[in-house]
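Chemist: After the structure tokens below, expect a handful of questions from me.
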Amino acid sequence: MELYKEQQLKIYNSLSKKKEEFTPIVEGNVGMYVCGPTVYSNVHLGNVRTFMSFDLVFRYLKHLGFKVRYVRNITDAGHLENDADEGEDRIAKKARLEQIEPMEVVQRYTVDFHTTLQKFNNIPPSIEPTATGHIVEQIEIIKEIIDKGMAYEINGSVYFDVIKYNETEHYGILSGRNIEDSIHNTRALDGQSEKKNPQDFALWKKADKHHIMRWPSPWSDGFPGWHLECSAMSTKYLGKQFDIHGGGMDLKFPHHECEIAQSKTTNGVHPVNYWMHANMLTLNGQKMAKSTGNNILPEEIFSGDNTILSKPFTAGVVRFFMLQANYRSILDFSSVALEASEKGHSKLMEAISFLPGIAVSKESSFDVKAWKQKCYNAMNDDFNSPILIAQLFDAVKQVNLLKDNKATITAADLALFTTTINAFVFDVLGLPNESENNHSDKLEGVVTLLIKLRKEARDNKDWALSDQIRNELVELGIQLKDGKEGTSFTVS
Ligand code: AMP
Ligand code: ZN
């Protein structure tokens, strides 16, 4: 039986502001959409935190036995410098400054995004669509919104009419903003903007003559508004209504609010059953951000090359540090906090390495099944990873007692204990299994030792022994190659 039938997961829904029992639209299947990066610069640790939060969600849903379709987009056009539909396209600006093609910018930072997330052991999504790959779908949505009377064209650009939408719907349903207040508090447009109301947002922008990233449309040669791509791609790959939509807390408004307005107008239904928002990583109490320079890059963490850092840290330690906080809480980054996490991380990994050597007894002195359920309870409670980690530290305590013969465990309980620890540490939390990686180091050490012994045999003219070492290694799939620099080996 699938685990999700035994374990009732609850998700904090940012829309209702309550924890709700999770019931997917189609039993056993989950559709999840997460807003991806705008690929115009290297990802910083703040970005990593948000994607790691949803990696935890993806991993736990899969662990529970759900078949998950996880869609995470790449924004490679349409994201302007400020959220009020003004300024240069972020990617085009970078291309202009570096005198390269916009798609070279996109390629470079998409690769950086993928390699970085892989270093932090994030599982890739099921589909990773791009905004530029879905211009046709976006134009179709604009036509529908115009047909439904919720958008207007002006000078070749198309804007969503927020005030009109709000007459029958609630613009602000997710962020809790009240459009009436915003109307009273916003200055009247100064005549420079072509929008009817300051609250309106662009669905299509006419490109001026300098704008390189442009596509033909019924209204002008131009480009889609930033919010539109997520409505287009989530509908295309997950349907008009799907289970989970995630993103960083800073995307609630205006991005997700606009997405709801677009999708609701086009499809007639609220698109998402559970809205999830991951909280920010801060540095010195301020949000890490590309624009302010208040950020740390993953490379700086691995090299220790930043005055904020006392030393380098591994991706596993950073992952552990981030998962020690609830994804809905703000987390402040500091070298001291990372050092504390490093200690905790190595205690946990050390305890795991002791497990195979634990002796079994006729009785168990603690209740492994009850402990296992507490691990599930933590994750069932809106993916509460810090509580899960506290349970894992209870397990560490037990392992140390067992090692010192101050506790006992039966063979069956030890098997359950070991598989549960491994499942939560490596599959659910996604901490890298460093002992697995160490195996390749160990293999290298063993073969190097055999090469040394074979050389000694040859020096002693003990050809029988030297041939035996080489031939038996070949049988194991390890080929030795003698060269001027000495002997090297390959593994097939
Ligand atoms: P961007 O490429 O700027 O659109 O950001 C990609 C993702 O990173 C979005 O989901 C943002 O909400 C998220 N993000 C940006 N800054 C931070 C931060 N300091 N902490 C956590 N997430 C962040
Ligand atoms: Zn989005």
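The values are calculated or read from the model by the stated rules, or taken from the named source; none is laboratory data. Just so we're clear, the structure is a prediction, and the values are computed from it rather than from any experiment. FYI the Cβ positions are ideal-geometry reconstructions off the backbone, even for glycines, and counts take in every protein chain you see.
Chemist: Limited to the stretch 30-58, what total is found for residues that are part of a loop (DSSP other than H, G, I, E, B), in contact with a Lys or Arg (Cβ under 7 Å, 6 or more places away or on another chain) and away from ligand 2 (no atom under 16 Å from the Cβ)?
Modeler: 2
Chemist: Of everything in the stretch 141-155, what is part of a helix (DSSP H, G or I) and closer than 17 Å to ALA202 by Cβ? Give them in sequence order.
Modeler: ILE141, ILE142, LYS143, GLU144, ILE145, ILE146
Chemist: For TYR165, state whether it is away from ligand 2 (no atom under 16 Å from the Cβ), among the aromatic types (Phe, Trp, Tyr), in contact with an Asp or Glu (Cβ under 9 Å, 6 or more places away or on another chain) and in the same structural domain as THR75 (by TED's automatic domain parsing).
Modeler: No.
Chemist: Pick out the one residue from GLU81, GLU27, GLU104, GLU20 that is part of a helix (DSSP H, G or I) and of a type in the set (Asp, Glu).
Modeler: Matching residue, one of GLU81, GLU27, GLU104, GLU20: GLU104.
Chemist: Still on this structure, please answer the following. Give MET249, MET213, MET233 a once-over and let me know the one that is within 11 Å of ligand 2 (Cβ to nearest atom) and among the aliphatic types (A, V, I, L, M).
Modeler: MET233
Chemist: Still on this model: Please pick out the residue among VAL26, VAL34 that is touching a helix residue (DSSP H, G or I) at 6+ places or on another chain (Cβ under 8 Å) and at pLDDT 95 or above.
Modeler: Only one candidate passes the filter, namely VAL34.
Chemist: Next question. Can you tell which of LEU338, LEU323 is more than 15 Å from PHE424 (Cα to Cα) and in contact (Cβ under 8 Å) with a residue 12 or more places away in the chain?
Modeler: That would be LEU338, the only listed residue that is more than 15 Å from PHE424 (Cα to Cα) and in contact (Cβ under 8 Å) with a residue 12 or more places away in the chain.
Chemist: Now for a separate question. For the stretch 405-432, how many residues are assigned to a helix (DSSP H, G or I), of a type outside the set (A, V, I, L, M, F, W, C) and within 27 Å of GLN324 (Cβ to Cβ)?
Modeler: 5
Chemist: For SER353, are the conditions met, namely being surrounded by fewer than 17 Cβ atoms within 10 Å (Cβ to Cβ) and in a loop (DSSP other than H, G, I, E, B)?
Modeler: Numbers: surrounded by fewer than 17 Cβ atoms within 10 Å (Cβ to Cβ): yes; in a loop (DSSP other than H, G, I, E, B): no.
The answer is no for SER353.
Chemist: On to the next question. Which numbered condition trips up LEU402, out of (1) farther than 29 Å from PHE58 by Cα; (2) not in a helix (DSSP H, G or I)?
Modeler: With (1) farther than 29 Å from PHE58 by Cα; (2) not in a helix (DSSP H, G or I) applied to LEU402, the lone miss is (2).
Chemist: May I pose another question? With respect to LEU392, determine if the residue is in contact with a Leu (Cβ under 7 Å, 6 or more places away or on another chain), buried (at least 20 other Cβ atoms within 10 Å of the Cβ), aliphatic (A, V, I, L, M) and within 16 Å of LEU64 (Cβ to Cβ).
Modeler: Numbers: in contact with a Leu (Cβ under 7 Å, 6 or more places away or on another chain): yes; buried (at least 20 other Cβ atoms within 10 Å of the Cβ): yes; aliphatic (A, V, I, L, M): yes; within 16 Å of LEU64 (Cβ to Cβ): no.
Criteria not met by LEU392.
Chemist: Check off (1) loosely packed, with under 15 Cβ neighbours inside 10 Å; (2) closer than 30 Å to LEU401 by Cβ; (3) over 25 Å from the mean Cα position of the chain (by Cα); (4) not basic (Lys, Arg) for ALA340 and give me the number that stays unchecked.
Modeler: Of the numbered conditions (1) loosely packed, with under 15 Cβ neighbours inside 10 Å; (2) closer than 30 Å to LEU401 by Cβ; (3) over 25 Å from the mean Cα position of the chain (by Cα); (4) not basic (Lys, Arg), the odd one out for ALA340 is (3).
Chemist: For the stretch 15-34, state whether one or more residues are in contact with a Gly (Cβ under 6 Å, 6 or more places away or on another chain), touching a residue at least 60 places away in the same chain (Cβ under 8 Å), assigned by TED's automatic domain parsing to the domain that holds LYS205 and closer than 17 Å to ASP382 by Cβ.
Modeler: Within the stretch 15-34, one or more residues are in contact with a Gly (Cβ under 6 Å, 6 or more places away or on another chain), touching a residue at least 60 places away in the same chain (Cβ under 8 Å), assigned by TED's automatic domain parsing to the domain that holds LYS205 and closer than 17 Å to ASP382 by Cβ.
Chemist: Anything in the stretch 1-39 that is away from ligand 1 (no atom under 16 Å from the Cβ) and among the hydrophobic types (A, V, I, L, M, F, W, C)? List them, or say none. Before you say what the answer is, go through the steps one by one.
Modeler: We begin by selecting, within the stretch 1-39, every residue away from ligand 1 (no atom under 16 Å from the Cβ); these are 1-13, 15-31.
The answer is MET1, LEU3, LEU9, ILE11, LEU15, PHE22, ILE25, VAL26, VAL30.
Chemist: Right, something else. Kindly evaluate GLU257 against the criterion of being surrounded by 24 or more Cβ atoms within 10 Å (Cβ to Cβ), within 12 Å of ligand 2 (Cβ to nearest atom) and modelled with pLDDT of 95 or more.
Modeler: Spelling it out, it is not the case that GLU257 is surrounded by 24 or more Cβ atoms within 10 Å (Cβ to Cβ), within 12 Å of ligand 2 (Cβ to nearest atom) and modelled with pLDDT of 95 or more.
Chemist: Specify the residue that is surrounded by the fewest Cβ atoms within 10 Å (Cβ to Cβ); the eligible residues are those in the stretch 366-389 that are assigned to a loop (DSSP other than H, G, I, E, B) and free of Cβ contacts under 8 Å to residues at least 60 places away in the same chain.
Modeler: Among those that are assigned to a loop (DSSP other than H, G, I, E, B) and free of Cβ contacts under 8 Å to residues at least 60 places away in the same chain, it is ASP367.
Chemist: Right, something else. Considering only the stretch 113-128, how many residues are touching a strand residue (DSSP E or B) at 6+ places or on another chain (Cβ under 7 Å) and not in a strand (DSSP E or B)?
Modeler: Summing the residues that are touching a strand residue (DSSP E or B) at 6+ places or on another chain (Cβ under 7 Å) and not in a strand (DSSP E or B) in the stretch 113-128 gives 3.
Chemist: For LYS240, indicate whether it is surrounded by fewer than 18 Cβ atoms within 10 Å (Cβ to Cβ) and within 19 Å of THR75 (Cα to Cα).
Modeler: no
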